[in-house]
1. Determine the shielding of peptide A:182-195 by partner chains: average, over its residues, the number of Cβ atoms on other chains within 10 angstrom of each Cβ.
2. Convert each backbone phi in region B:156-170 into a coupling constant with the Karplus relation 6.51 cos²θ - 1.76 cosθ + 1.60 (shift: θ = phi - 60°), then list the ³J(HN,Hα) values in order as whole Hz, x for Gly and Pro.
3. How large is ³J(HN,Hα) for each residue in region B:363-375, as worked out from phi by the Karplus curve 6.51 cos²θ - 1.76 cosθ + 1.60 (θ = phi - 60°), to whole Hz, x for Gly and Pro?
4. Past 32 Å, Cα to Cα: identify those pairs from A:LYS114/A:LYS210; A:LYS294/B:LYS43; A:LYS266/A:LYS342, in the order given.
5. Counting only other chains, and only Cβ atoms inside 10 Å, what mean value do you get across the residues of B:41-49?
6. Between B:THR185 and residues 5 or more places away or on another chain, which pairs have amide H atoms under 5 Å apart, with H built 1.01 Å from N, and which residues are they?
7. Which loop-located GluC sites (Glu not before Pro) does region B:143-200 contain, where loop means any DSSP state but H, G, I, E or B and the Cβ has at most 11 other Cβ atoms within 10 Å?
8. Place a label point 7 angstrom from the Cα of A:THR247 along the Cα-to-Cβ direction, then list the residues of region A:151-168 whose backbone nitrogen is under 17 Å away.
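No lab work stands behind these numbers, since they all come straight from the coordinates. All values derive from a computational prediction rather than experimental measurement. Cβ placement follows ideal geometry from the backbone for every residue including glycine, while neighbour counts extend to all protein chains displayed.
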Amino acid sequence: MLTLPQESVCSPSAAQPLDVPMLRPPEAASPRACAEPPAARRRPLLARCFRIASARRGGGSAAAFRSAVLGVCRGFILLYKLFAAIMRLVILEDYDQASEWAAKYICNRIIQFKPTQGRYFTLGLPTGSTPLGCYKKLIEYHKNGDLSFKYVKTFNMDEYVGLPRNHPESYHSYMWNNFFKHIDIDPNNAHILDGNAPDLQVECDAFEKKIEEAGGIDLFVGGIGPDGHIAFNEPGSSLSSRTRLKTLAMDTILANAKYFDGDLSKVPTMALTVGVGTVMDAREVMILITGAHKAFALYKAIEEGVNHMWTVSAFQQHPRTIFVCDEDATLELRVKTVKYFKGLMHVHNKLVDPLYSMKEN
Amino acid sequence: MPSNKSVSDAPIAQFTNCRLLRGRRLQREDLWVREGKILNPEKLFFDEKGSADVQLDCKGCILAPGFIDVQINGGFGVDFSLATDDFRSGIDLVAQKILSHGVTSFCPTLVTSPPSVYHQILPQISVRNGGAHGAGILGAHLEGPFISKEKKGAHPEHCIRTFEENGFQDLLATYGSLDCIRIVTLAPEIKRSSEVIQELTKRGICVSLGHSVANLSQAEEAVQHGATFITHLFNAMLPFHHRDPGIVGLLTSDKIPAGRRVFYGMISDGIHTNPAALRIAHRAHPKGMVLVTDAIAGMGLAPGRHTLGQQVVEIDGLNTYIAGTKTLSGSVATMDTCVRHFLEATGCSVETALEAASLHPAQLLGIEDRKGTLNYDSDAGTVMGMVGRRVSACWSKVGSAINAGCICCFTGGSREPHSAQDLLWIFALVIFFRWVLVMLHELFGEAPTSQMSMEQSKDGSTLQSCPVSGVGRNSSAWRQP
């Protein structure tokens, strides 16, 4: 293997003395070896790359050049993947498959992050009927021993104001019954806004602070309302808003009435919610959209412009967004869009296949 | 996981992989217990940020509230109506042993006895909570001496008294102190019973009607004055008659004050009551059914002679008679046997059967806020059982380790249908015994081979009691919910 600096082999007129032992006798320095690109003589770093490349390939300058170029290309692709903006629209057949894909993605992300004591994986969590399937699947992975939430911190998106914490429709009860009860998360790491705090704005600011102290959110999972809202950021909310108190729109109150025995007077009218800006600060966002009643909102979010009347559209400007939906939710999209993203499913499926497991560790 | 419990540092136990009897049905939930109380895990999670210190896998068992036995005369050689020097250790022994039957609270019952016995024994009974050491004592149940001579059953006639002369003062003089008395059984046809019932009810003592020849109107009057319980329905009372239902008519009486419920105790061992009578009572008034054992000192002991107060009784299998007669006197059935038999005889759900032994007695005594349920903040006396089969070991060690009150365990694997091999064996045995009977009949001609036993009571009516077949009792297990 060549260990000599190229200069001393290829240019006998080099000024520096040959203080490096010659591992190959000078007669083995074939003219071919001197046919290195002249750039190598003037750029030591590049030369070193060629050296590594040719070392891997077992010698040969053309091969070395080829492998060096390939390596550089791979490096660029890696850099691109890390820093470039990606929007994925993952279209599955039905609700169950969409929930499973989303759960697998979250599972893989947590496991690949390798969370430990002092280095927690922060997850933003939604409520409502859409993520129920995803939660069930995550619980299943936990019960099988494939996933542990011991080093995961969670931040919920919203909570009603004025509803007692143990009310069956409060989001505390929802998260407890549908998720926290079944997993091994540390109670100190599960953060939900307190809708009964004495000073609501202080509570919101404290929540923002907690997110900041946790190092920001790695993956924010969210849903979408029929009016295109994310969390309780109703149409008209500022797209740079932070966690705050919000009065609910009539649409939302009507949608929620089914959880309060259809009695509109029992539905809370105000809620604390993370802002669009807060979710945009997350390193990655995954939005779950299932059902035909969300189809128009998805259309507005993806195919129309960024608009504060459809606050989910703000995520067109987020560097890493994944929209996970089922066939019904794509009913309002152009056929072209649906075909394009369905054609990418083999790429999307690489994110969830293979499904990692903590058992291997 | 580091726990940060602000309320208490006591260890928290979490029972997982079980079915809880909560809200009248079996639910797949975990049971959280700390310091003998059932915790609300949501509150623990959000308010205290606490988590479990010990997790116990129940392997699919049913977790039910501990059974409450409001009529138990003794057991394991201990007779609660016998004043001995080591009475306290006797009661402790029974308390400890009945844990394995699933009973976590009980009312030691005294049969009709002379006043001296009450004065000696009652001060030695103290209300106390249960734990790993034994079931809790809720107070004494005094069955007599103010009962009817005609319906004394196994009670000694010479000790029967009335309070016609001085009313409540007579009762006080007989019992001595009312401190640890929880239930008093009396016959309402005795004069001045109304004022006695009122006085007892005022003091929070539950009044029960039993060992009586009262008719329906006398019984209703007693209920209106405060009586809420019927001691072993059908036994030691006038039989049901369509023109005068007697005490039995209280089950469907329309003269019960609003908001009040009449409970009735039944000994469902298959001997004291025919299963058909059990079904009639259950269907007429399902929410009033309270399962009791009426167990005597011989419960848990080998067949033979034992004492019951002032009498000597003889045990033969599950039958207990006054020595030399055919008068039933208490039972040797255990509470879990009673629950199982009740389940089989009535075909009710597992939840109903369990509630009859836990929730209903708690409601009778007005303690359902802390006993008889698995609601949050109630006492953690629980029974754990698989579907079917016997009770085996007591989890007292686990209970003491986690300081979580009385936890009892039924054995058994999960309910499996009989395999083909089992069925073949059963079939073969049936054929064999039939052959034996036929042979016997041939050999000994028309000799009576009646399996019935007759019970003759004083008033001339006869009751037939059949021993319940062993195969029938053990073959069907509790139904899966």
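1. Working: counts 1, 0, 3, 3, 6, 12, 6, 1, 3, 0, 1, 0, 1, 0.
Counting Cβ atoms of other protein chains within 10 Å of each residue's Cβ and averaging gives 3.
2. Along region B:156-170, the couplings run x, 5, 6, 9, 6, 10, 10, 10, 5, 6, 10, x, 5, 5, 4 Hz.
3. 5, 4, 8, x, 10, 5, 6, 10, 9, x, 9, 10, 6
4. Values: A:LYS114/A:LYS210 22 Å; A:LYS294/B:LYS43 35 Å; A:LYS266/A:LYS342 42 Å.
Listed pairs above 32 Å: A:LYS294/B:LYS43; A:LYS266/A:LYS342.
5. Values: counts 3, 9, 3, 1, 8, 11, 3, 1, 5.
What the average comes to for B:41-49 is 5.
6. B:LEU142, B:GLU143, B:GLY144, B:SER208
7. Values: sites: B:GLU143, B:GLU150, B:GLU157, B:GLU164, B:GLU165, B:GLU189, B:GLU195, B:GLU199; in loops: B:GLU150, B:GLU164, B:GLU165, B:GLU189.
Passing both the DSSP loop test and the Cβ count: B:GLU165.
8. A:161-162
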